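Report on the following structure.
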There are 2 protein chains.
Amino acid sequence: MSRVYVIAQGGGPTAVINQTVAGAALAARQKHPDAKVYGARHGIRGVAGGDLVDLSALSDADLRRFANTPNSGLGSTRDKPDAAYCERIVAGLEKVKADSFIYIGGNDTAGTMGILDEIETGPMTFVHAPKTIDNDLVENDHTPGFISAAWFVASAFLSVDLDFRAMPGIYVGIVMGRHAGFLTASAAARRRAGEKDGPHLVYVPEAHFSPEKLIADIRATRETYGRCGVAMSEGVATEDGTPLAERLIPEERHERDDHGNLQLSGGDLGLALQVAIAAAFPKVRARVDTFGYLPRGFSGLVSEVDRREAFDIGRFAVESAESGSGSVALQHVDGQTALKLVPLAAVAGKTKPMPREFVTAAGNDVTDACRAYLDRLVPPRPETWTPFV
Amino acid sequence: MSRVYVIAQGGGPTAVINQTVAGAALAARQKHPDAKVYGARHGIRGVAGGDLVDLSALSDADLRRFANTPNSGLGSTRDKPDAAYCERIVAGLEKVKADSFIYIGGNDTAGTMGILDEIETGPMTFVHAPKTIDNDLVENDHTPGFISAAWFVASAFLSVDLDFRAMPGIYVGIVMGRHAGFLTASAAARRRAGEKDGPHLVYVPEAHFSPEKLIADIRATRETYGRCGVAMSEGVATEDGTPLAERLIPEERHERDDHGNLQLSGGDLGLALQVAIAAAFPKVRARVDTFGYLPRGFSGLVSEVDRREAFDIGRFAVESAESGSGSVALQHVDGQTALKLVPLAAVAGKTKPMPREFVTAAGNDVTDACRAYLDRLVPPRPETWTPFV
């Protein structure tokens, strides 16, 4: 029995998101030599508009080449479909006689799939395949794309820490992450116990933040280490839950996607911190870098484990699609990574913050439990020599 | 005859600056088994203050480990010595009976060495070893540290270009470079001829810049490609020669080093551009990332060629130091890299901008001649699949 699959990519890209497409296309071909696999351009927009690429026409070698290219090669979208849009998506799927729709994305994408699955579509199945550098999907131990992005962040903080050891001062690196601090926490993945390594302070959305506390923490850290490295999530929020960045961005530049998410990655937070630090520590070398888009699909550092897991998820999505709808979850069972299909509703619209025990009581660093989790995922620190200063 | 060398690192670090220290220490040991090689902590400050590390005590294996650690492992300084400071440096060198002082740095460092060389110090020699990610030293084809930093920049722009192909918009990446645009130009090193690859616009300090022209250029590029990628040097300057960033940073936050260089890498330029682009292109996805310190000593991407050249320069500095003072220059002769000792005065205080023929007449892109130069240096583009969008 031949089968028809439609596959699409939603939301922000990762370094390995095309692996999942290739994994699905190759698995479909392996199971059903005459299977059709269509890639939709720009996510559900392409499904609704019939803007499809025939991935079945590509050779295995070309699919592998596609897999190894970072960022969404089919194009992406942040569209949040209303009822009429959903009908157009279903009509688009029916037009090509799709048996299954596989949509790669985060929790917004799982939400879209949940809505589609409730529409009467006969035996058609809807499988959500996870990806997000934020690592904030429930049911998942970690998500494809996170390891590579974390590797970038860990490498960057190792580098700037050595830089600020050579010429002491204050360094703040602001890292993507609206609700979950995993990616920011990975800044500490290469800090060695008992050494003076930075970042010395880590602020994540899971703990309350205050600029006054930051200045006091920096002051104390400089007294101990002579310098201070800070990793901060773009989503750090004050006690009332409002992200600091949101208060700093003037209303007229508020940019929200269809899902209501405000874009936080502008330079407003960084510049405000630069000004505050310059005022509190005059004449001290101080830099604030906003990492922005650099970590999320960086072509220079792509983890092999991340590649393989993303690929396997595509394969598993195709296998699962024959039996029903759901969300593929990357779990950690008995020290092993295991894939499992969970209900779409279990993942849709939910955000997984870091566990409480990953953040210190003072709210300005990560714990050993967090380090142990990261050590399992992030590629190890390269062999370095402890500087003479 | 035993010899005593003092070696130090000045200015901003690079990913390979410790290679030069290790190359010198290993060469000294090879030539004179009982040679003493002292590393000065924090550049001339350590020389003047007698704050030295005995590098001769390290094993070859440890020196190799030190070499492979990015950023100045001896510590650095931006001190510009006056006459009294120079006397203290000389006294510090005489105290350890130094035959030669090797100082690794950019043109400010060469300038310091020129001043020291004019002081009556008997047979003591002063050798400047080049390094700078800015690639702006005269007499040099390129400088140690540049290739690795350029690799980062090229990789980052490849990634964000694929990102903005998946979800079109406007992306601006601001790259270090006060007077010379080499590092910014390397953003274009992975752009393929005849493809839609970005960055589509490249602005360097060598051409006049105007914000109005930028907006017009972005508008035209979007009409052609549906998106626009921009690489911009932090040092872009208007017709009167004033860097745009300098005008944007309020006086009270002006931070200058002893050499009079104003720190440009804050977020002011980035945020000003973000505001200008949002006003000109409302509702369009637009991001401005300031790369800041990320490219310059990134531990994740270190070029093997860069490592080797930096190491060889350390070795060559030690060999040259026996015959006289000078600046080691990395030249390109008959398709080969060649090292040569040139007079300190030839390098001191001079900046090499990109050749005129590296920038297009419109001043908003690099030329094929520039691409040919970069292709010779920057590691090749990884094999990627052209996105379906």
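Its convex hull of Cα atoms gives the range A:264-326 a direction-averaged projected area, equal to a quarter of the hull surface, of 7.5 nm².
Rg then Dmax, both in Å and based on the Cα atoms of the range B:230-389: 20.3, 65. Annotation: amide H of A:Ala237 within the under-5 Å range of A:Phe209, A:Leu244, sequence separation 5 or more or interchain, hydrogens built in the peptide plane.
In terms of other Cβ atoms within 10 Å, B:Cys370, B:Cys86, A:Cys228 run from fewest to most in the order B:Cys86, B:Cys370, A:Cys228.
When B:Asp375 is represented by a point 7 angstrom out along its Cα-to-C-beta vector, the spacings to that point in the other copies are 4.7 nm, nearest first. For the range B:202-298, trypsin sites (Lys or Arg not before Pro) meeting the loop criterion (DSSP other than H, G, I, E, B) and having at most 12 other Cβ atoms within 10 Å: B:Lys283. Computed over the range A:195-238, the alpha-carbon pair-distance distribution with 10 angstrom bins reads 29, 53, 18, 0, each value a whole percent.
Within 10 Å of the Cβ of each residue in B:61-74, the mean number of Cβ atoms contributed by other protein chains is 5.
Computed over the range B:1-61, the percent of Cα pairs more than 20 Å apart is 25.
Beta bridges from DSSP with both residues in chain A: antiparallel share about 30 percent, rounded to the nearest 5. Between identical copies, the spacing of A:Ala61 label points, each set 7 Å from Cα toward the C-beta atom, reads 4.4 nm from nearest to farthest.
Per residue of B:378-389, other chain Cβ atoms within 10 Å of the residue Cβ number 6 on average. Rg/Rh, computed from the Cα trace of chain B with Rh as the Kirkwood radius, has the value 1.01.
Just so you know, the Cα atoms of the range A:43-155 work out to an Rg and Dmax of 15.5, 49 Å. With label points defined 7 Å past Cα in the direction of Cβ, position A:Pro33 shows copy-to-copy spacings of 7.2 nm, given to one decimal and shortest first.
Rounded to the nearest Hz, the phi-derived 3J(HN,Hα) couplings of the range B:335-344 under the Karplus curve 6.51 cos²θ - 1.76 cosθ + 1.60 (θ = phi - 60°) are x, 10, 7, 9, 9, 8, 9, 10, x, 4, where x marks glycine and proline.
Relative to the longest principal axis of the Cα atoms of chain B, the long axis of helix B:304-321 lies at roughly 30 degrees.
Net charge dipole, the protein assembly as shown: roughly 760 debye, given to the nearest 20, about the Cα centre with Cβ charges of +1 for Lys and Arg and -1 for Asp and Glu.
I'd like the distance between the alpha-carbon centres of the range B:226-280 and the range B:316-386, rounded to an integer number of Å. Value for the Cα centre distance between the two parts: 26 Å.
Among A:Phe152, B:Phe311, A:Phe281, the order by Cβ neighbours within 10 angstrom, fewest to most, reads A:Phe281, B:Phe311, A:Phe152.
Considering only alpha-carbon pairs that sit under 8 angstrom and 6 or more positions apart, the relative contact order computed for chain A is 23 percent. Between 0 and 90 degrees, rounded to the nearest ten: what's the tilt of helix A:211-225 against the longest Cα principal axis of chain A? Approximately 60 degrees, to the nearest 10.
Per-residue Cβ neighbour counts within 10 Å put B:His259, B:His142 in the sequence B:His259, B:His142, beginning with the fewest. Each eigenvalue of the Cα gyration tensor of the range B:1-106, multiplied by 5 and square-rooted, gives one semi-axis; in descending order these are 21, 18, 9 Å.
Under the combined filter of DSSP loop state and at most 14 neighbouring Cβ atoms within 10 Å, the range B:126-208 retains these trypsin sites (Lys or Arg not before Pro): B:Arg192.
Phi-derived couplings, Karplus 6.51 cos²θ - 1.76 cosθ + 1.60 at θ = phi - 60°, listed residue by residue for the range B:230-242: 10, 10, 9, 6, 4, x, 4, 10, 6, 4, 7, x, 7 Hz, with x used for Gly and Pro. Taken as Cα centroids, the range B:1-73 and the range A:126-158 sit 40 Å apart, rounded to the nearest whole angstrom. A cut-off under 13 angstrom between Cβ atoms defines the neighbours of A:Val359, and their net charge, with Lys, Arg +1 and Asp, Glu -1, is -2. Taking the alpha carbon gyration tensor of the protein assembly as shown, multiplying each eigenvalue by 5 and rooting it gives semi-axes of 48, 27, 25 Å, largest first. Peptide A:8-19 shows a mean partner chain C-beta count of 2 within 10 Å per residue C-beta. Per residue, the convex hull spanned by the alpha carbons of the range B:192-315 comes to 175 Å³. In terms of packing, defined here as the mean over residues of other Cβ atoms within 10 angstrom, the peptides A:19-25, B:379-385, B:171-177 line up highest first as A:19-25, B:171-177, B:379-385. Working note: Karplus 6.51/-1.76/1.60 with θ = phi - 60° gives the range B:156-168 the couplings 5, 5, 4, 5, 5, 5, 5, 4, 7, 7, 5, 9, x Hz, where Gly and Pro are set to x. Taking Cβ atoms as reference points and 15 Å as the exclusive limit, the residues near B:Lys283 contribute a net charge of +2, counting Lys and Arg as +1 and Asp and Glu as -1. Normalising by residue count, the range A:296-389 has a Cα convex hull of 183 Å³ per residue.
The residues neighbouring B:Lys36, those whose beta-carbon lies less than 12 Å from its own, together hold a net charge of 0 under the Lys/Arg +1, Asp/Glu -1 convention.
Here, each number is a calculation from the coordinates, and none is a lab measurement. Nothing here was measured: the structure is a model prediction, and the numbers come from that model. No Cβ is skipped: glycine too gets one built from the backbone with ideal geometry, and neighbour counts run over all protein chains shown.
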